[in-house]
Amino acid sequence: MGTLLAALLLIGPLIFFHELGHLIAAKLVGVKATRFSIGFGRPFARVHIGETEYCLAPIPLGGYVWLLGQHGDQDVPAADAERSLQAKPLWARAFVMAAGPLANLVLPLAVLFFFFLGNNVTSPPVVGTVYDDTAAEAAGLEPGDRIVAVDGVDVRSFEELQRAIQPHPDEELLVQIERDGKNFDRYITPRKVTRDDALGVPRSMGALGVGLAAYAPQIGITDTKSPAYQAGLRTGDIITSVSGDPLERAEDLQALLDAESSAFAHVTYLRPRTVKGPAASYVLYEPRDASLVPDAEHPGYSGIHPAYTFVFAVEDESPAKLAGVKAGDRVLEVDGKKVERWDAVLRAFQRRGTDAPVEMLLQSPGEQSRMVSVQQRIRTVRTVYSTDAQYAWTGLEPYQSVRIPAPEPIRGRITYAARASWHKTVDASGFMLAALRRLVTFEDGLSGLGSVVGIAHMAGVAAERGTGEFVELMAILSINLCFINLLPIPILDGGHLLFYAVEAVRRRPLSHRARVIASNIGIVIIGSLLLIAFRNDIMRLWFDG
């Protein structure tokens, strides 16, 4: 019942606004609308308002607006002849047919606008981590910097920062930065990177090279004879203070290591411990302290390394496991290049893909370094929406204890909501257009088609996962409904627009017989696609899972 209610709440507004678009357009150009129905079948509720009968019908698979003279064989009373759809000029008829899909394009803007308007906080545009060999590092950005504006455009969230940077690979941008209460400007040229979009298609975009999350001063140790190991410290421990001075970020730890000081005389630290509960596992942090006895020959040596080059876990039967990678290993080099952060490992695998292995120089605690070859392979997983997703898989999981900055109140909520809703709608439209192109060209076959059964399942899952996901799903499906209805298939709105385009070229409408034949072909096409979509959903939901 919950899934059914969620499906009705999801599909109902999409149908209503689509048909409302047709109705409003018809009334604007003076076409008489005799019935407005949500659902098919015999109405169980109806009311007359003016000349139009508004109905609710029991089959919630669509809706319709009956327009006077919409069908060529319809008898039109002489008194209403001028209000017939066929009596209207070509532009007016096209406007009425296009208004439904356009309403489905406007709906996401409205729904997302009010959703973002209701949000009071967002992730701030604050630099948590500056990655190595990036535009941000070259420009001297530091953790804790706030990006105020990019090329004069105000930046109010980390997502807005990403959107401001991504369209400008290899283009110089004027970035305004706030540091320690003072503002200054830097010219920064984002590096061009390639990322796969939601459809798995590589896209080029600009990257600043910063992360929202800040790494904790978590350590790794490979030398079992080092002062740190002998004092009881182990890989995964998080140092909180050194000789009374607090550490907050991995960069603070790195600064001490770079200085090669003997400041590690006394440290306090947290040791993570996983506790399995009845419903989930929890990580508890046990406070400890230790005194390090420095090596007489190497007084500045502690044996401590930042943990973000260490392997936390390796999945069973994964490419990394089969290659001999073990939990606790430190990654020294990747393809002959020294590794300072885990993102260098990720970049190496992204560059290589699944075509060839990546050579990794590793060191286990107390052992000599060794070389292994790890080749990614494609892994297919089942998502919460019962669809299959593929990604390149190694089975490696690094140590990455991070802190996300607390959300902060949004400045200028109305303009923020307008901008965010516009970007989300544009992104979803681009995604749907690309998916539709791949469907029409049979790049992905017809396995991606879904029916109302699949939509109902997705509605139930999205409702359980929260309002934000439900609203985003509604926006995506509304845009999908827009583009599907614009396909030039007879009986769809796009089919009518195709007829009008032919009429504009021929200077006369198609014959009634030609329209009937085309409509019958359209019915066969749509019926076949619906059967395939229904079969896909049944197999996906009840047999493949």
LEU68: passes all of (1) farther than 24 Å from LEU107 by Cα; (2) surrounded by fewer than 19 Cβ atoms within 10 Å (Cβ to Cβ); (3) touching a strand residue (DSSP E or B) at 6+ places or on another chain (Cβ under 9 Å); (4) not small (Gly, Ala, Ser) but (2)
For region 27-52 the number of residues that are assigned to a loop (DSSP other than H, G, I, E, B), among the small types (Gly, Ala, Ser) and free of Cβ contacts under 8 Å to residues at least 40 places away in the same chain is 2
In region 106-117, residues that are surrounded by fewer than 18 Cβ atoms within 10 Å (Cβ to Cβ) and aliphatic (A, V, I, L, M) total 4
With the first residue restricted to region 412-436 and required to be at positive phi, and the second required to be surrounded by fewer than 19 Cβ atoms within 10 Å (Cβ to Cβ), Cβ contacts under 9 Å at 6 or more apart or on different chains are GLY412/ASP154
Check your understanding: Does region 75-89 contain any residue that is at pLDDT 90 or above, part of a helix (DSSP H, G or I) and either hydrophobic (A, V, I, L, M, F, W, C) or farther than 19 Å from LEU28 by Cα (or both)?
Key -> no
Is it the case, given these coordinates, that LEU487 is over 17 Å from the mean Cα position of the chain (by Cα), part of a loop (DSSP other than H, G, I, E, B) and at negative phi? yes
message: One residue is enough: does region 211-230 have a residue meeting the conditions assigned to a strand (DSSP E or B), over 30 Å from GLY366 (Cβ atoms), touching a strand residue (DSSP E or B) at 6+ places or on another chain (Cβ under 9 Å) and touching a residue at least 24 places away in the same chain (Cβ under 8 Å)?
response: yes
By residue number, the members of region 432-451 that are of a type in the set (S, T, N, Q) and closer than 15 Å to SER528 by Cα are SER447, SER451
* Asked: Does GLU51 satisfy the condition of being exposed (fewer than 14 other Cβ atoms within 10 Å of the Cβ) and at pLDDT below 95?
  -> yes
Okay, strands (runs of 3 or more DSSP E) sitting entirely in region 234-321 with 3 or more residues that are closer than 30 Å to MET371 by Cβ, I get 311-314
(1) surrounded by 19 or more Cβ atoms within 10 Å (Cβ to Cβ); (2) touching a Pro at 6+ places or on another chain (Cβ under 9 Å) all hold for ALA459 apart from (2)
### Task
Please indicate, with yes or no, whether at least one residue in region 130-141 is charged (D, E, K, R), farther than 30 Å from PHE349 by Cβ, touching a strand residue (DSSP E or B) at 6+ places or on another chain (Cβ under 8 Å) and surrounded by fewer than 18 Cβ atoms within 10 Å (Cβ to Cβ).
no
Picked from region 322-344 (must be basic (Lys, Arg) and crowded, with 16+ Cβ neighbours inside 10 Å), the residue nearest to GLN375 (Cα to Cα) is ARG330
Next on the checklist: Tell me whether region 524-536 contains one or more residues that are modelled with pLDDT under 85, among the aromatic types (Phe, Trp, Tyr) and touching a helix residue (DSSP H, G or I) at 6+ places or on another chain (Cβ under 8 Å).
Outcome noted: no
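Residues checked against (1) closer than 30 Å to LEU9 by Cβ; (2) part of a strand (DSSP E or B); (3) β-branched (Val, Ile, Thr):
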site: GLN368; (1), (2), (3): no, no, no
site: MET371; (1), (2), (3): no, yes, no
site: ILE378; (1), (2), (3): no, yes, yes
site: VAL426; (1), (2), (3): yes, no, yes
site: PHE431; (1), (2), (3): yes, no, no
Next on the checklist: Condition first: out of contact with any helix residue (DSSP H, G or I) (no Cβ under 6 Å at 6 or more places or on another chain), farther than 30 Å from ARG191 by Cβ, of a type in the set (D, E, K, R) and in contact (Cβ under 8 Å) with a residue 40 or more places away in the chain. Can you find one or more residues in region 239-249 that meet it?
Outcome noted: no
When every residue in region 90-128 that is assigned to a helix (DSSP H, G or I) and among the β-branched types (Val, Ile, Thr) is compared, the one farthest from ARG411 (Cα to Cα) is VAL96
By residue number, the members of region 397-450 that are at pLDDT below 90, in contact with a Phe, Trp or Tyr (Cβ under 6 Å, 6 or more places away or on another chain) and over 16 Å from GLY118 (Cα atoms) are VAL402, MET432, LEU436
Of a type outside the set (Ser, Thr, Tyr) and closer than 23 Å to GLN254 by Cβ: is that true of PRO319 in this structure? no
Check your understanding: Is at least one residue of region 336-344 in contact (Cβ under 8 Å) with a residue 40 or more places away in the chain and either assigned to a strand (DSSP E or B) or at positive phi (or both)?
Key -> no
Among residues of region 143-183 being touching a helix residue (DSSP H, G or I) at 6+ places or on another chain (Cβ under 8 Å) and part of a loop (DSSP other than H, G, I, E, B), the residue nearest to ALA348 (Cα to Cα) is PRO143
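The values are calculated or read from the model by the stated rules, or taken from the named source; none is laboratory data. Everything numeric in this text was worked out from a predicted model, so none of it was measured. Don't worry about glycine lacking a Cβ; one is built from the backbone with ideal geometry, like all the others, and counts go over all protein chains shown.
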